[in-house]
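The block underneath contains the structure these notes are about, expressed in structure tokens.
The values are calculated or read from the model by the stated rules, or taken from the named source; none is laboratory data. Since the model is a prediction, treat every value here as computed from it, not as a measurement. FYI the Cβ positions are ideal-geometry reconstructions off the backbone, even for glycines, and counts take in every protein chain you see. Please note that ligands, DNA and RNA were not included when accessible areas were found on the heavy atoms of the full protein model with its side chains. Shrake-Rupley method; radii C 1.70, N 1.55, O 1.52, S 1.80 Å.
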Amino acid sequence: MKLPVLLIVDDDPQVLRAIVRDVRSRYRKTYRIMSTESAKEALESLKEIKLLGEEVALIISDQRMPEMLGVEFLTEAVKIFPHTKRALLTAYSDTDAAIRAINDVSLDYYLLKPWDPPEEKLFPTIDELLDDWNGSVAPAFAGLRVLGYQWSAKSHKIKDFLTANLVPYRFLDPASDPEAKELLAVRPMEESDMPALILENGTVVSNPELRDVAIHVGLQSQAKSNTYDVVIIGAGPAGLAAAVYGGSEGLNTLLLDRHAPGGQAGTSSRIENYLGFPAGLSGAELTRRAVTQATRFGTEFLAPAEVQSVSYEEPYKKIHLTDGSVLSARSVILTTGVEYRKLDAPGADQFSGAGVYYGAATTEAASCREKEVFIVGGGNSAGQGAMYLSKFAKNVSIIIRKPDLSSSMSQYLIDQIAGTDNIHVLGETVVKEVLGQGDHMDQVVLENLLTGVCRKETASALFVFIGAKPCTDWMGTEFLRNERGFLETGRSLVLMEGFKKKWKHSREPFMLETAVPGVFAAGDVRAGAMNRVASAVGEGAMAIKFVHEYLALS
């Protein structure tokens, strides 16, 4: 944590040196002592300190200065740091002005020149002021801040990206957060400039794209090599497992994801049925451990890195990214997983990212405090999201088409939901419409499937966890997929129409191998997958075994 600042301003160099010397002798270990002869320079310094996310504990200012009087300076300073303690350094003849300043600028104290000995006439006063400040002001967040409006879809996109990539940040909404308003007073910007990143060094980045965000927070943005033994596309549990085993077994391994590591499992607030964790763990924690483990074994990880297509120039596969770069790989593992289906209701698209969220329970939970929240979906992800949101929201209502959760959710979650007073299950119900005024949703229209009766409900947020659409739309026709779009692999390929036209090798496909030799699929994107974290991890590890067998043939 950075030391809070103690700022001293006096236009008389001799007086300034003297007081800085005395103050530094006592407080240098617990405060950063700054000084200047210019009031205007001091105000600029205060603005920079504000952008850096640091705190100013105390300002000591001379009263008679040529650029502006000390009272005038403190009047401006308090606009930047409203909670800092303020002391005026005055001669005896200026005590009347100092006393008036107690009311004018809420002056905390005035110090008389000379202050010798400081042990009697300076330090006790400063000690008291600093004790008061430390007792009333929480330490500033010394890290990345995101300045933007709660109901901005782009703000949500950036928050979700940072959360998924395990990057700590603080979100500041100018509409409701005093600190955000203070920052805008220091660094004015238009609504069109937001969302904006305020980096730890004080740099302001307006309206960044996700790739810019990744670069500024230190995520790897470019591959270190042009050619790899294996490139893994998709960083869910299957991809992370493949990354760990690929790296640990000596393969030059690259892991790509268009968003962030973890996949749908990474957004889970609590996974309680994963082997070896009897108390459960969050998806973010599982992701953090896996990324750390894979990196330790030398695996590279790039995000956001979206694949546009894969082409084939034997013996290499060419991975074409949307930024125009091309990577070569001797083998590829597709672990792109599934994504939530869009809610088919009027208004859902209009308020996407502004009250309607797909997954993202952990990202937006804090904004739901003491509010009415609805969840669409009856699977484990919906149940885990409901349990997490129930810690923040006034009420959480789960909307499902079926009468109850028994056919789609694990029993341990059903039991937890039944024991949580502010979670309510609305069976045989669908969302008919999403309504809102201005820039965000504020109501949902619900229809009872048995009676056909519709009713409006106040809603601050609607979280959607429905269906499982495989992320295969970008893949070419060389891959064989089932009627739902999931990739066919292994022995299942042999039974498919058109397989012989595509497969020109004498051997049969390896287990988990797609219709393209050397390209494997694992996890939820694969037809017949078990849709469990443990099985995805197992398939990711298995895929590396078959990569070794394939590479041995080439």
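For this structure, a couple of remarks:
- Residue in the range 512-532 that is of a type in the set (Phe, Trp, Tyr) and free of Cβ contacts under 8 Å to residues at least 40 places away in the same chain present: no
- Residue that is most open to solvent (accessible area, probe 1.4 Å), among those in the range 364-387 that are part of a helix (DSSP H, G or I) and either free of Cβ contacts under 8 Å to residues at least 24 places away in the same chain or among the small types (Gly, Ala, Ser) (or both): ALA366
- Residues in the range 328-339 that are open to solvent by less than 10 Å² (accessible area, probe 1.4 Å) and over 28 Å from the mean Cα position of the chain (by Cα): ALA329, SER331, VAL332.
- Test result for ARG288, out of contact with any Ser or Thr (no Cβ under 6 Å at 6 or more places or on another chain), of a type in the set (Lys, Arg) and within 17 Å of ASP160 (Cα to Cα): yes
- Some residue of the range 179-196 being assigned to a loop (DSSP other than H, G, I, E, B), open to solvent by less than 20 Å² (accessible area, probe 1.4 Å) and either within 23 Å of THR84 (Cβ to Cβ) or out of contact with any strand residue (DSSP E or B) (no Cβ under 9 Å at 6 or more places or on another chain) (or both): no
- For the range 104-111, the count of residues that are part of a helix (DSSP H, G or I), at pLDDT below 85 and either open to solvent by 20 Å² or more (accessible area, probe 1.4 Å) or on the phi < 0 side of the Ramachandran plot (or both) is nonzero.
- Scanning the range 404-414 for residues that are open to solvent by 40 Å² or more (accessible area, probe 1.4 Å) and either free of Cβ contacts under 8 Å to residues at least 24 places away in the same chain or farther than 25 Å from VAL356 by Cβ (or both) returns ASP404, SER406, SER407, GLN411, TYR412.
- Test: residue in the range 36-56 that is among the hydroxyl-bearing types (Ser, Thr, Tyr) and under 22 Å from ASP132 (Cβ atoms): no
- Close pairs from the range 181-201: first closer than 21 Å to ALA214 by Cα, partner surrounded by 15 or more Cβ atoms within 10 Å (Cβ to Cβ) and at pLDDT below 90, Cβ under 6 Å, at least 6 apart: none
- You will find that of LEU7, LEU58, LEU3, the residue that is in a loop (DSSP other than H, G, I, E, B), in contact (Cβ under 8 Å) with a residue 24 or more places away in the chain and more than 15 Å from VAL186 (Cα to Cα) is LEU3 and no other.
- When the criteria are applied in full, ASP160 meets the requirement of being open to solvent by 10 Å² or more (accessible area, probe 1.4 Å), under 27 Å from ARG288 (Cβ atoms), part of a helix (DSSP H, G or I) and of a type outside the set (A, V, I, L, M).
- Summed over the range 300-325, residues that are over 25 Å from GLY490 (Cα atoms), open to solvent by 70 Å² or more (accessible area, probe 1.4 Å) and in contact with a strand residue (DSSP E or B) (Cβ under 8 Å, 6 or more places away or on another chain) total 2.
- Residue that is surrounded by the fewest Cβ atoms within 10 Å (Cβ to Cβ), among those in the range 1-15 that are under 19 Å from THR84 (Cβ atoms) and aliphatic (A, V, I, L, M): MET1
- Output for the range 224-241, where each listed residue is modelled with pLDDT of 90 or more and either surrounded by fewer than 22 Cβ atoms within 10 Å (Cβ to Cβ) or of a type in the set (Lys, Arg) (or both): LYS224, SER225, THR227, ASP229
- Any hit, the range 506-516, residues being over 27 Å from ILE271 (Cα atoms) and in a strand (DSSP E or B): yes
- The conditions of being modelled with pLDDT under 80 and either surrounded by 14 or more Cβ atoms within 10 Å (Cβ to Cβ) or not in a helix (DSSP H, G or I) (or both) are met by ALA101.
- Any pair with Cβ under 7 angstrom, 6 or more apart, that starts in the range 248-273 at a residue that is closer than 18 Å to VAL338 by Cβ and ends at one that is in a loop (DSSP other than H, G, I, E, B) and open to solvent by 60 Å² or more (accessible area, probe 1.4 Å): ARG258/GLU306
- Which numbered condition LEU52 fails, given (1) modelled with pLDDT of 90 or more; (2) closer than 20 Å to LYS40 by Cβ; (3) open to solvent by 20 Å² or more (accessible area, probe 1.4 Å): (1)
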